[in-house]
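What follows is a set of notes on a single structure, which appears directly below.
The values are calculated or read from the model by the stated rules, or taken from the named source; none is laboratory data. All figures in this text were calculated on a predicted structure; none of them were measured in a lab. Here Cβ is always computed from backbone atoms with ideal geometry, including for glycine, and neighbour counts include all displayed protein chains. Just so you know, the surface numbers come from the protein's heavy atoms only, side chains and all, with ligands and any DNA or RNA stripped out. Shrake-Rupley method; radii C 1.70, N 1.55, O 1.52, S 1.80 Å.
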Amino acid sequence: MHKLYKILLLGLAAGILNAIPMVFLSSAWQPVAATLLHWLALSIVIAYVRMPLESWATGMLIAVLTSLPMGILLHPDSISGVLQVLGFALVLGGLLGFTADRLVQTQP
């Protein structure tokens, strides 16, 4: 399987994991779609960026930096909502960085 397809599948999995609580909380479809597209694009960025950090730390850093504006847009009145978005970014960004390095970069 081509590396880009693997990366997009990892991003789709991360987006689905992040969107599941949003669906159960009866969010509108626009924030759910934005979250899915955010993780799809973020998976490509995390997989191909090179930083002098471990792969999981790179994923966490990039995910937090890109999720902060999204959290502010999704939850303008609630700091706890922004912290929830940042928590998901830390966990899923680290997992995405780790799995992208192991499954995509080191595999043929």
Discussion item. Looking only at the range 56-83, count every residue that is closer than 30 Å to L4 by Cα and at pLDDT below 90 and tell me the total.
Written reply: 4
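Residue by residue through the range 1-29, note down the ones that are under 13 Å from A47 (Cα atoms) and either buried (at least 17 other Cβ atoms within 10 Å of the Cβ) or touching a helix residue (DSSP H, G or I) at 6+ places or on another chain (Cβ under 7 Å) (or both). Let's see the steps before the verdict.
The first filter runs over the range 1-29 and keeps only residues under 13 Å from A47 (Cα atoms), leaving 3-11.
Residues satisfying the conditions are K3, K6, I7, L8, L10, G11.
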Item to complete: Six or more apart or on different chains, Cβ under 8 Å: which pairs go from a residue in the range 21-47 that's touching a residue at least 40 places away in the same chain (Cβ under 8 Å) and among the β-branched types (V, I, T) to one that's open to solvent by 50 Å² or more (accessible area, probe 1.4 Å) and in a helix (DSSP H, G or I)? Could you list them?
Response: I44/L4; I44/L8
